[in-house]
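The values are calculated or read from the model by the stated rules, or taken from the named source; none is laboratory data. A quick note: this is a predicted structure, and the numbers were derived from the prediction, not measured. Please note: Cβ atoms are built from the backbone with ideal geometry, for glycine as well, and neighbour counts cover all protein chains shown.
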Amino acid sequence: MTTISTTENHRAGGQPLPALLETEPDRNCPLCPRLASFREATRAREPAWFNSPVPSFGDPDGRLLIVGLAPGVQGANRTGRPFTGDFAGDLLYATLIEYGFAKGVYQARPDDGLRLVDCRIGNAVRCVPPQNKPLPAEINTCRQFLIATLASMPRLGAIVALGRVAHESTLKALGLRSAAAPFAHGAIHQTGGLKLYDSYHCSRYNTNTRVLTPEMFRSVFAKVRADLS
Ligand code: SF4
């Protein structure tokens, strides 16, 4: 486990994170022109889809925050709930239910009644990017909403970062340097009272290629569950 100096961590010992930032962008957020025009094109093509920045899902008083990369075009961008409606959600929600971080039956639609328990899910980038690949400038621009989300969770004790982009954006949102805590699947980085757990993203590509197996994914959440208990 990496221990990160608390002097560079805003949550743990330095300046508090700003509490008054908006946690959710406007549905027509114009800050990333490429993503805004992609959103407009998708709205024109699929008017029944959500096609807006996807808000975080779950309990702001939860102790666990899961940070993904960005909405999938036919997943969260279509349904409006993170990880809902595409392959990644099948593994994520099954795992959350197994470890007691969600209750109900996941049916890949936002009105399925699934409830997160002590847990919230958000993305490093709120708008769907072409080919699932946000640009560095877009990740940097959207980080203000991740910072606000972190600041709005008073009991936060654990963050699971799904993939390197989410890991690095979360570190920056916490005021930490990436070199202090390099990404590795299964790594745990302790900073003050907060633990950052790394996992490969639960995408179809990663699971089909066995970069991430369901067992590897479950072991991350087993550690989180054991630590929070
Ligand atoms: S990705 Fe974030 S900052 Fe960029 S347009 Fe969407 S909501 Fe705004």
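Things to note:
- In the stretch 101-160, the residues that are of a type in the set (D, E, K, R) and surrounded by fewer than 16 Cβ atoms within 10 Å (Cβ to Cβ): LYS103, ARG109, ASP111, ASP112, ARG115, LYS133, ARG155
- Among all positions in the stretch 153-164, there is at least one residue which is part of a helix (DSSP H, G or I), closer than 19 Å to ARG126 by Cβ and under 17 Å from the mean Cα position of the chain (by Cα).
- Every residue from the stretch 188-213 that is part of a helix (DSSP H, G or I) and in contact with a helix residue (DSSP H, G or I) (Cβ under 6 Å, 6 or more places away or on another chain): ARG204
- Matching residues, the stretch 19-57, being of a type in the set (A, V, I, L, M, F, W, C) and within 11 Å of the ligand (Cβ to nearest atom): CYS29, LEU31, CYS32, LEU35, ALA36, PHE38, VAL54
- Residues that are buried (at least 16 other Cβ atoms within 10 Å of the Cβ) and more than 14 Å from the chain's Cα centre (by Cα), drawn from the stretch 191-210: THR191, GLY192, LEU194, LYS195, ASN206, THR207
- Condition check for GLY62: at pLDDT 95 or above, outside any strand (DSSP E or B), away from the ligand (no atom under 14 Å from the Cβ) and touching a Cys at 6+ places or on another chain (Cβ under 9 Å): yes
- When the criteria are applied in full, GLY100 meets the requirement of being of a type in the set (Gly, Ala, Ser), more than 16 Å from the ligand (Cβ to nearest atom), outside any strand (DSSP E or B) and touching a residue at least 60 places away in the same chain (Cβ under 8 Å).
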